[in-house]
Amino acid sequence: MKRLFVSMAVGALVVGCSSPGSTAAPTAAPSSAPSQAAQASTPAASASPAKQNFTLTVLESQGWVYPAEQTALAQKFQDQTGIKIDYQIVPSANYFQVLATKLNSGQAPDIFGGQSGVSDLKVTYNVEKNAVDLSDQEWVKREDPNAVAQATLNGKVYGQEIADIYSSYWIIIYNKAIFQQAGITDVPATFADFAADSDKIKALGVTPIYEPISDGWHHVLWFPEIGAQLQKLEPGIYDKLNANQATLAADPNALNAMTELNQLYQKGYFGSSALSATVADQEKNMTTGKYAMTISGMTLPNQINADFPSIPASNYGYFPIPLDDNQLLPTHPAGPTKFIWSGGSHIDAAKQYLAFLAQPDNLQYMIDNTPAFETLDYTGVKAKWTADQQAFLAKYTAATDLVLQDAVTYVNPQWIDMGKDIVAMFTGKETPTQVLQAIDGRRTQEAKAAKDPAWP
């Protein structure tokens, strides 16, 4: 049976699965990154051969492409080559349905966006049929090997990931002033500390955590992002899950983490409007003083400062998601990735555009002109870490194991379904055990559909 798509994470997520049995160690944030922002670059056009006159279409989900790429660099490429780039941005809630329809009907764009990760490449996109092999492209040698691995299936590279996989740790961002008002002198190191601090914040009349549940994906982050802690507490659990020798529902640490997540909601730490809250309002709400914490990447304070210049990024601090007493930074090399449609009529031009985007000067332009980037996953670029970010990275250890959705097969493609089960748990319709059983059940379904030999 031809199966291209299942429900998965949407929006600005940076999620994916790693190759089963991969032994490559995740790359930590570059130690040579300067603390000061690099000089902002300008995309300057250069001389080029005879120009062409056609349009490349690029289909992307909302939140995956920033103006530096979509506007300035696309125009620079057109000036150099004559080739126009038409970005078609689809709301995140509808993106994968739209893409599935286009791929299944043979009407896909020249370049389509997706999330890297081996499960997604195989089960969701069927890249061996629908995407072009990019293994011989020059930029592959300059890309972080862990990011390359997330876009590789059966030894062939099918996608190009341009993402800040170092600053995009999904962690807790907190308002320093609110913590001070609540008498919290240090960030929590255990879940018990986290709950106690949340009680102190709640006593101030402040909602402890801004959790935008309505988008369907954000509240899922709490569980898989602490996957490396599951591996730390029970070494080998990832291998056992991938070999169909264990289940999440039977793992006491997974059950404890899911139970603690449920407690956050039941104790009111997400507030009364969490079910209708949106990711689009995250920055604004974190400036109001009504919320103390949220899950985001390290660049959220920079984005807040860019949109609200009177609020310095230094108003906010960072600490790891503390479910299961986790203190590891999530190592997460998967993210939004571009694939060239194998049925397109402009494959060579599409390769040319990906090569253009990966040129060091163009990568640097994206870094310098995108608040959501502190650096990118290629050699030859300069990062712009702030002092607070450098201190955070020095304090905590990046996990040697990847996040759950990158390391355990058939997790990432069911992201939205996991979100529905977690909401059912919040509203009393499912127990934490039932949520994990549902995840295990969908993994079994996807594994059998993929003819995974571990699931006879």
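Laboratory data are not the source of any read-out in this text; all were calculated from the coordinates shown. These figures come from a predicted structure and were not determined experimentally. Here the Cβ is made from the backbone with ideal geometry for all residues, glycine too, and neighbour counts use every protein chain on show.
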Could you point to the residue in N126, G114, T444 farthest towards the positive end of the chain's charge dipole, with +1 and -1 charges on the Cβ of Lys/Arg and Asp/Glu respectively? N126
In terms of modelled amide H atoms, which long-range or inter-chain residues lie less than 5 Å from the amide H of L329? T397, A398, A399
Quick one: 3J(HN,Hα) in Hz for region 174-183, Karplus 6.51/-1.76/1.60 with θ = phi - 60°, rounded, Gly and Pro as x. 10, 7, 4, 5, 5, 4, 5, 4, 7, x
Computed P(r) (all Cα pairs; the chain; 20 Å bins; percent): 26, 59, 16, 0
Can you pick out the pairs among K76/K351; K351/K451; K202/K284; K129/K351 whose Cα atoms lie more than 23 Å from each other? K351/K451
Length released on extending from L275 to A203, taking residue separation times 0.36 nm less the Cα-Cα span: 23.7 nm
Here the equivalent ellipsoid of region 49-187, derived from its Cα gyration tensor, has semi-axes (largest first, whole Å) of 33, 21, 18
Charge dipole of the chain built from unit charges on the beta carbon (Lys, Arg +1; Asp, Glu -1), centred at mean Cα; most positive-end Cα among Q97, I165, T337 is Q97
Note, region 73-84: 3J(HN,Hα) by Karplus (6.51, -1.76, 1.60, θ = phi - 60°), whole Hz, Gly/Pro = x, goes 6, 4, 5, 4, 5, 5, 4, 7, 10, x, 8, 7
Ranked by Cβ crowding within 10 angstrom, fewest neighbours first, how are D79, D452, D136, D388 ordered? D136, D79, D388, D452
Treating only Lys and Arg (+1) and Asp and Glu (-1) as charged, each at its beta carbon, one finds that region 370-456 has a dipole about its Cα centre, in Debye to the nearest 20, of 80
For I321, what residues show an amide H to amide H distance below 5 Å, using hydrogens built from the backbone and excluding near sequence neighbours? I172
Taking the Cα centre as origin and putting +1 on Lys and Arg beta-carbons and -1 on Asp and Glu beta-carbons, what dipole magnitude results for the chain, to the nearest 20 debye? 600
Percent antiparallel among DSSP beta bridges (both partners in the chain, rounded to 5): 55
For region 279-290, Karplus couplings with θ = phi - 60° (6.51, -1.76, 1.60), whole Hz, Gly/Pro x: 5, 4, 9, 4, 4, 4, 5, 6, 9, 7, x, 8
Straight-line reach only, C-alpha to C-alpha below 17 angstrom: list the aspartates and glutamates that K232 could link to, leaving out same-chain residues fewer than 8 apart. D251, D324, D325, D401, D406
